[in-house]
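I have placed the structure first, in the form of structure tokens, so that the comments after it can refer back to it.
Values in this text are rule-based calculations from the coordinates and carry no lab data. From a predicted model like this one, the values you see are computed outputs, not experimental measurements. We place every Cβ from the backbone using ideal geometry, glycine too, and count neighbours over all the protein chains shown.
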Amino acid sequence: MDVVLKVILIVLAVLVAIVALLYFVGRKAQKKQSESKAAMDAAQQTMTLFIIDLKKMRLKDAGLPKAVLESTPKYARLYKMPIVKVKVGSRVMSLIADPKVYNQLLPKQEVKATVSGLYITSAKRIRGPIPEPKAKKKSGKEKRAEKKANK
């Protein structure tokens, strides 16, 4: 009984230490995120963009400037990002879109977008087709449940 109590106390101490560590790391990350959001808000500008193409691809394949690739963390280079190829005036460039904005956009449409550096934070359609909400892919369980409900 004495040994079991010691093991439980050690496990509880380790769990408390992990929770405290996660709390402080989370606060630090939240502070960093709010600072970067303030910097993005200060640098944003409104542009009229013609969307040429939309793809989710890795940053190295997106045709972004070398400085952007060097400044991104190594783990972020592995993920596929929502990349939007746009025409701004006479220039064709690739921009990174916010995931919420990416789902609203369609190719071959003109939008008035708020851009902060190479990041599209919001967009409103000017001309072009009205975007339909993209359907979420259903998992196998959801498909079977839907078939069962239809019977």
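Separation between the SER36 and ARG144 pseudo-spin-labels, each 7 Å from Cα along Cα→Cβ, expressed in nm?
Modelled inter-label distance: 4.0 nm.
How far apart, in nm, are two points set 7 Å out from the Cα along the Cα-to-Cβ line at LYS137 and at LEU118?
2.7 nm
Please work out whether the chain counts as rounded, prolate or oblate from its C-alpha gyration tensor, where a ≥ b ≥ c are the square roots of the eigenvalues and a/c under 1.5 means rounded, while otherwise a/b larger than b/c means prolate and anything else oblate?
oblate
Sort ASP2, ASP98 by Cβ crowding within 10 Å, fewest neighbours at the top.
ASP2, ASP98
Just to verify a number: FRET efficiency for TYR75 and ALA17, C-beta to C-beta distance, R0 = 35 Å, to 0.05?
On the way: r = 25 Å, r/R0 = 0.72.
It comes out at approximately 0.90.
Taking only Cα atoms, what is the 0 to 90° angle, nearest 10, from helix 2-43's long axis to the longest principal axis of the chain?
20 degrees
If the chain between ALA67 and ARG125 were fully stretched, how many nm would it gain, using 0.36 nm times the residue separation less the Cα-Cα distance?
17.8 nm
As a footprinting exposure proxy, order ILE83, ILE10 by other Cβ within 10 Å, with the fewest listed first. Numbers along the way, then the final one.
Numbers: ILE83 22, ILE10 10.
Fewest-to-most ranking of ILE83, ILE10: ILE10, ILE83.
For helix 140-150, what angle does its Cα long axis make with the longest principal axis of the chain, in degrees from 0 to 90 and rounded to 10?
The answer is roughly 80 degrees.
By how many nm would the segment from LEU54 to LEU106 grow when fully extended, if each residue of separation counts as 0.36 nm and the alpha-carbon distance is taken off?
This chain segment gains 18.0 nm when fully extended.
So which of LYS32/LYS56; LYS28/LYS100; LYS87/LYS138; LYS37/LYS74 end up more than 29 Å apart, counting from Cα to Cα? Show your work: numbers first, answer last.
On the way: LYS32/LYS56 26 Å; LYS28/LYS100 25 Å; LYS87/LYS138 34 Å; LYS37/LYS74 21 Å.
Listed pairs above 29 Å: LYS87/LYS138.
In whole angstrom, note down how far apart the Cα centers of the stretch 20-63 and the stretch 95-122 are.
Here the two parts' Cα centres lie 13 Å apart.
Would you mind ranking TYR75, TYR102, TYR119 so that the residue whose beta carbon has the fewest other beta carbons within 10 Å leads the list?
Fewest-to-most ranking of TYR75, TYR102, TYR119: TYR75, TYR119, TYR102.
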